[in-house]
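Trainee: Just passing along the structure, written as structure tokens.
Values in this text are rule-based calculations from the coordinates and carry no lab data. A quick note: this is a predicted structure, and the numbers were derived from the prediction, not measured. Here the Cβ positions follow ideal geometry from the backbone for every residue, glycine too, while neighbour counts run over all protein chains shown.
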Amino acid sequence: MNDSKSVEILLVEDNPNDLELALRALTKAKITNRIQIARDGEEALQFVFGEGPYAGRKLSDGPQVILLDLKLPKIDGLEVLKRIKGDPRTRKIPVVILTSSKEQRDVVESYDLGVNSYIVKPVNFEQFTKAVGDLGFYWLLLNQPPRVADAS
């Protein structure tokens, strides 16, 4: 799974400022290998399921974790989460909601849909950098996920 085609992190974020902050935080935490960026929910689902411009990508090539914003164009984050967790081929991929939404209904619905973690984005860059670095360290190095079967 650690070949050059595998993806460790799928970062789903439409806000250019938040995307840049997340990438800077991952770089500062020395977690820059194999990051795929999706700027809307539709692109995220196409990547995860190997469809559209990602046709032919094997599900076994990652991601090992998905960092998912909730407020996305085309398909919102909750629908992306629902589809990923609702499919037996992808339901075991850890999904971490990384959002500015503190709405209790978003938190509850995310957990009802199977999210692994829900994190409200810190406003302070240093806090954000630490949070993203800790996320990467935990999900990529400490967590022991089951292998994702290739359904192709």
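Trainee: Just grab the label-to-label distance for Asp87 and Gln127, each label 7 Å out from Cα along the Cβ direction, in nm (one decimal).
Mentor: With each label point 7 Å from Cα toward Cβ, the separation is 3.5 nm.
Trainee: Rounding to the nearest 20 debye, state how big the charge dipole of the stretch 7-76 is about its Cα centre with +1 on each Lys and Arg Cβ and -1 on each Asp and Glu Cβ.
Mentor: It comes to approximately 340 debye.
Trainee: Please arrange Asp76, Asp106 by how many other C-beta atoms lie within 10 Å of their C-beta, fewest to most.
Mentor: The most exposed by this proxy come first: Asp76, Asp106.
Trainee: What shape does the stretch 9-140 have by the C-alpha gyration tensor, where a ≥ b ≥ c are the square roots of the eigenvalues, rounded means a/c under 1.5, and otherwise prolate means a/b greater than b/c and oblate the rest?
Mentor: oblate
Trainee: Could you work out how much longer the chain between Ile75 and Ser100 gets when fully extended? Use 0.36 nm per residue separation minus the Cα distance between them, nm to one decimal.
Mentor: 7.3 nm
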